[in-house]
Amino acid sequence: MKKVLTVCLTMVFVLTVALYAFAAEPNRDAIKKKVDDVVAALDGGKTAADFSAAAKEDPYIFIMKGDGTMEVHPSLTGQSIKSSMEPIYKELVKADATGLWVKYQNWDGKEKNTYVRKTKDGLIVGCGY
């Protein structure tokens, strides 16, 4: 009886750990779709301000001008990252009209993977993990 209980508890533990690992894995397709939808809306006439609520979501959307000024961001709206966070800025401005994934060290030293795409007016929309 003890052996069966031990095996069952071990299986529950392994299953719990596996489910947590899969749940923690970011959904790159969902992130890409989120950015693509915002780009389409901006290209269709919406303004960056229309997406200020998206900066409060997890993962959040940001919208940046080509000069590095954040139009939408959880904590940097209105600020430029061009000189204060130059390595990050250099990665984000690689964005093009078709979209691409970039990697960089975030301000706190953690690796960040971000999908970025440019609008027809040159705004850079991004989201990542």
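No lab work stands behind these numbers, since they all come straight from the coordinates. Just so it is clear, the structure is predicted and the values come from calculations on it, not from any experiment. Note: ideal-geometry Cβ built from the backbone for every residue, glycine included; neighbour counts use all protein chains shown.
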**Q.** Anchor LYS103: aspartates and glutamates whose Cα lies under 19 Å away (excluding residues fewer than 8 positions away in-chain)
**A.** GLU25, ASP29, ASP36, ASP58, GLU86, GLU91, GLU111
**Q.** Residues ALA40 and ASN113, FRET efficiency given R0 of 22 Å [Cβ-Cβ distance, rounded to 0.05]
**A.** 0.50
Q. Considering only Cα-Cα distances, which of the following residue pairs are longer than 22 Å: LYS32/LYS120; LYS46/LYS82; LYS33/LYS112; LYS46/LYS90; LYS90/LYS118?
A. LYS46/LYS82; LYS46/LYS90
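Using DSSP to call loops (not H, G, I, E or B), can you name the trypsin sites (Lys or Arg not before Pro) in the stretch 86-129 whose Cβ has at most 16 other Cβ atoms within 10 angstrom? List each step's numbers first, then the result.
Details: sites: LYS90, LYS94, LYS103, LYS110, LYS112, ARG117, LYS118, LYS120; in loops: LYS94, LYS110, LYS120.
Sparse-neighbourhood loop trypsin sites (Lys or Arg not before Pro): LYS94, LYS110, LYS120.
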